[in-house]
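Novice: Take this structure first; my questions come after.
The values are calculated or read from the model by the stated rules, or taken from the named source; none is laboratory data. Note that the structure is a prediction, hence the values are computed from the model and not measured. All Cβ positions, glycine included, derive from the backbone under ideal geometry; neighbour counts span all protein chains shown. Note: areas computed on protein heavy atoms with side chains; ligands, DNA, RNA excluded. Shrake-Rupley method; radii C 1.70, N 1.55, O 1.52, S 1.80 Å.
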Amino acid sequence: MNPLFYLGRGFIKFLRDSGGIFLFFWQAFFYSFSPPYRVRLFIKHMEFIGVKSWLVVALTALFSGMVTAYQVHHALVKFGGQSVLGGVVALTLTRELGPVLTAIMVVARAGSAITAELGSMRITEQIDALKIMAVNPVQYLITPRIWAAMIVLPLLTAMADLIGIAGGYIIGVMVLGIDHGIFIARMEDMVELMDLMSGIYKSIFFGAFIVAVCGYKGYFASGGAEGVGRATTEAVVISSVGILVADYILTTIFF
Amino acid sequence: MEIIKIKDLKKSFNSFQVLKGVNLSIPSQEITFIMGGSGTGKSVLLKHLVGLLKPDEGEIWFENQDITKLSERELEKVRKKIGLLFQEGALFDSLTVAENVAFPLKEHTKLSKREIEAKVEELLSAVELLPAKDKYPSELSGGMRKRAALARTLALNPQVILFDEPTTGLDPVLQITIMDLINKIKETYGLTCVVISHDLILAFKYADRMAFLYDGVIVEEGPPEKIRASAHPYVQRFLESVFLENKEEG
Ligand SMILES: Nc1ncnc2c1ncn2[C@@H]1O[C@H](COP(=O)(O)OP(=O)(O)OP(=O)(O)O)[C@@H](O)[C@H]1O
Ligand SMILES: [Mg+2]
């Protein structure tokens, strides 16, 4: 068939999904300002997202910090600049790797679980059951998750920054023999509060984005168990790619 | 007196027309049985009555308003008055049986923790499910799930309850227990019941009125005596499947 047909169809689906996700997010967001306030669910989801993801985030951060130290050292040595290693590693982590890797790991662990859970609630009519009992399902299922993710992601990112820098320190100071005092001093010179905060702000955005995408895909899943599987895959792909694209845009515009 | 009036309701899914103009009045404080073959649209009809599905055409009148025209927010008010038991139960699988039954009470009443607990135990013993109260839905049999869902639907004492096959999959003794329970609640609280069922024997035992859905329309409707004497070929065939011997004797 005409390749333009597929291109057009893909484009329309993209537009429909983006619009849907955007509206879905704002709907859920505005419900946070009208009662009932679901504090208990909010705490439960913070625990779910945080506990499910912290270990994999920590491991990812540790090894990324270590490998970054090696690679950057390799480059710096060529012009004798290895003394700034601490600063470069810390900048890379706080500005980019910390927030982005954390977000991707949260997608893999918690985001996919959110889509699968909501999708199965949809196909077994549990979402309709909420409606029947006069409970607003978006407010019940999505709103607390959005807030939970927007709080937990920055916390996980801060942890990833710290552990990643520790990984860089281990390699830089203990393996590659850079002086402890110089490593720390360069880091203090080069990293400003704004660098740290730019990563944290990004992570708040990523948190909202992940729940919007994964929540939307699960909430509107259809087509039985197979449909839930498809929705989960789509949610993971869209959020991961979306995070990288959004990261680029946010970096060029704001930071 | 009718509490719900369905006027010329039509609904299609992807060009496949399921409801082709359903007209039906649900009398207040009585039990109306809706019967019909599998896949004829009984569940679809019930979901329209609580606004889970929107019709292509037609009206549904409840308390002087056409609920097909209401927004989600306005529907919430209607849904506090009309309960629905889903055919598959639709229990929350992250909650235990007791938590499922307590859910609507926590959401919509100001009862204390202890009062809710007492009410949940009362409901669960009425459906003979008290021993399973701390189990999760995935650990229950189909019939147990149905009864747990029934207890959850009864929790709020709505004015109208729509039961989508409340007794299917239960053993004969439990079928009677459940129908007696529904009947008792109807008598005590003046509840209006709409029951979907395939079971003619139960229908003739409990129904105040019966309606037959066939090929997207209600083909026969009225009190059981009228149904028995129906001349509609589909209704006759339905009746013959059970009452063949009676007919031959008579
Ligand atoms: N969401 C939907 N999308 C597409 N078709 C649907 C949908 N819901 C129901 N249908 C179709 O509508 C018809 C009626 O379905 P319904 O569930 O109301 O049957 P039923 O009378 O309740 O049958 P049963 O006695 O087996 O429960 C079926 O042919 C079904 O395929
Ligand atoms: Mg059905």
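Novice: Among the aspartates and glutamates, which have Cα under 18 Å from the Cα of A:LYS217 when same-chain residues fewer than 8 positions away are ignored?
Specialist: Filter leaves A:ASP17, A:GLU117, A:GLU125, A:ASP128, A:GLU226, A:GLU234.
Novice: Let me ask something else. For the protein assembly as shown, with every protein chain kept in place, what is the accessible area per residue (1.4 Å probe, Å²)?
Specialist: Ligands and nucleic acids excluded, the result is 48 Å² per residue.
Novice: So, in Å, what gap is there between the alpha-carbon centers of segment A:117-155 and segment B:32-107?
Specialist: 19 Å
Novice: Would you list, by chain and number, the lysines whose Cα falls below 17 Å from the Cα of B:LYS146, excluding same-chain residues fewer than 8 positions away?
Specialist: B:LYS133, B:LYS135
Novice: Please list, in chain and number order, the residues 5+ apart from B:ILE218 or on another chain whose amide H is under 5 Å from its amide H, with Hs placed from the backbone.
Specialist: B:ASN23
Novice: Just to check I understand the Karplus step: with θ = phi - 60° and J = 6.51 cos²θ - 1.76 cosθ + 1.60, what whole-Hz values come out for segment B:87-103, glycine and proline as x?
Specialist: With coefficients 6.51, -1.76 and 1.60, one gets 4, 9, x, 6, 5, 6, 7, 8, 10, 6, 4, 4, 5, 4, 5, 6, 3 Hz.
Novice: Rounded to the nearest 10 Å², what accessible area does A:ASP195 show when all protein chains are kept and the probe is 1.4 Å?
Specialist: So the heavy atoms of A:ASP195 present about 20 Å² to solvent.
Novice: Another question about this same structure. For chain A, state the average projected area of the convex hull of the C-alpha atoms over all orientations, rounded to one decimal in nm².
Specialist: Projected area, direction-averaged: 17.0 nm².
Novice: Let me ask you something else. Averaged over its residues, how many other protein chain Cβ atoms are within 10 Å of peptide B:86-94's Cβ atoms?
Specialist: Taking the mean over all residues of the peptide, I get 5.
Novice: Tell me: how much accessible area in total is hidden between B and A, 1.4 Å probe, Å², nearest 100? The partial results should precede the final answer.
Specialist: Numbers: alone 12590 and 13100 Å², together 24020 Å².
Looking at B and A, the buried total is near 1700 Å².
Novice: What is the mean number of Cβ atoms from other protein chains located within 10 Å of the Cβ atom of each residue in peptide A:113-125, rounded to a whole number?
Specialist: Whole-number average of other-chain Cβ neighbours for A:113-125 is 2.
Novice: Let me ask something else about it. For chain B, modelled as a Gaussian network with Cα springs under 10 Å, which listed residue fluctuates most, B:PHE92, B:PHE16, B:PHE238?
Specialist: Per the Cα network of chain B with a 10 Å cutoff, B:PHE16 tops the list.
Novice: A follow-up question, please. What share of the DSSP beta bridges in the protein assembly as shown is antiparallel, in percent to the nearest 5?
Specialist: 55 percent
Novice: For A:ILE204 paired with A:GLU47, estimate the spin-label separation in nm (one decimal), with each label point 7 Å from Cα along the Cα-to-Cβ line.
Specialist: Modelled inter-label distance: 2.6 nm.
Novice: With each label point set 7 Å from Cα along the Cα-Cβ vector, what nm distance links B:ASN64 and B:ILE201?
Specialist: Taking the two extended label points, one gets 4.6 nm.
Novice: Using modelled backbone amide H atoms (1.01 Å from N, in-plane), which distant-in-sequence or interchain residues come within less than 5 Å of B:LEU84's amide H?
Specialist: B:LEU162
Novice: Would you check the accessible area of A:LEU85, probe 1.4 Å, heavy atoms only, in square angstrom rounded to 10?
Specialist: 0 Å²
Novice: Where in segment B:90-154 are there GluC sites (Glu not before Pro) that are in a DSSP coil and have at most 16 other Cβ atoms within 10 angstrom of their Cβ?
Specialist: B:GLU128
Novice: Now, a different point. Which residue fluctuates most in the GNM of chain A (Cα springs below 10 Å): A:GLY111, A:GLY218, A:GLY181?
Specialist: The residue with the greatest mean-square fluctuation here is A:GLY181.
Novice: Here is a further query. Which pairs break 30 Å Cα to Cα here: B:LYS54/B:LYS80; B:LYS5/B:LYS80; A:LYS202/B:LYS110; B:LYS81/B:LYS113?
Specialist: Result: A:LYS202/B:LYS110 exceed 30 Å.
Novice: Kindly report, to the nearest 10 Å², the accessible surface of B:TRP61 as traced by a 1.4 Å probe over protein heavy atoms only.
Specialist: Probe radius 1.4 Å; accessible area of B:TRP61 about 90 Å².
Novice: Right, something else. Which one, B:LYS113, B:LYS133, B:LYS47, has the greatest fluctuation when you compute a Gaussian network model over chain B with C-alpha springs under 10 angstrom?
Specialist: Among B:LYS113, B:LYS133, B:LYS47, the largest mean-square fluctuation in the Gaussian network model of chain B belongs to B:LYS113.
Novice: Output the residues of segment A:126-174 meeting this criterion: accessible area (heavy atoms, 1.4 Å probe) in the chain alone minus accessible area with all protein chains in place is 50 Å² or greater.
Specialist: Correct list: A:GLN126, A:LYS131, A:ILE132, A:MET133, A:ALA134.
Novice: Scaled to the compact-protein estimate 2.2 N^0.38 Å, what is the alpha-carbon radius of gyration of chain B, rounded to two decimal places? The partial results should precede the final answer.
Specialist: Details: Rg = 18.4 Å, N = 250, 2.2 N^0.38 = 17.9 Å.
Here the answer is 1.03, to two decimals.
Novice: Starting from the Cα-Cα distance between A:MET197 and A:ALA75, subtract it from 0.36 nm times their residue separation and give me the gain in nm to one decimal.
Specialist: Numbers: separation 122, 0.36 × 122 = 43.92 nm, distance 2.68 nm.
Taking A:MET197 through A:ALA75 to full extension adds about 41.2 nm, to one decimal.
Novice: State which helices in chain A qualify, where a helix is a whole DSSP H run, it must extend 18 Å or more along its own axis by its Cα atoms, and its mean Kyte-Doolittle hydropathy must be at least 1.0.
Specialist: Correct list, ordered by number: A:39-77, A:143-169, A:193-219, A:224-253.
Novice: For the pair B:SER12 and A:HIS180, how long in nm is the line joining their label points, each one 7 Å along Cα→Cβ?
Specialist: In this crude spin-label approximation the distance works out to 7.9 nm.
Novice: May I pose another question? Students sometimes get this wrong: rank B:ILE218, B:ILE178 by accessible area, probe 1.4 Å, all chains present, largest first.
Specialist: Values: B:ILE218 30, B:ILE178 0 Å².
Greatest to least solvent exposure: B:ILE218, B:ILE178.
Novice: What does DSSP give for chain B in terms of the percent of beta bridges that are antiparallel, rounded to the nearest 5?
Specialist: 55 percent
Novice: Follow-up. Whenever you get a sec, compute what percent of the accessible area on segment A:53-254 sits on carbon and sulfur atoms (1.4 Å probe).
Specialist: Numbers: 5820 of 8130 Å².
Answer for segment A:53-254: carbon and sulfur cover 72 percent of the accessible area.
Novice: Related question: Based on the Cβ-Cβ distance of B:LYS20 and B:HIS232, what FRET efficiency does E = 1/(1 + (r/R0)^6) give at R0 = 22 Å, to the nearest 0.05?
Specialist: The formula returns an efficiency of 0.90 here.
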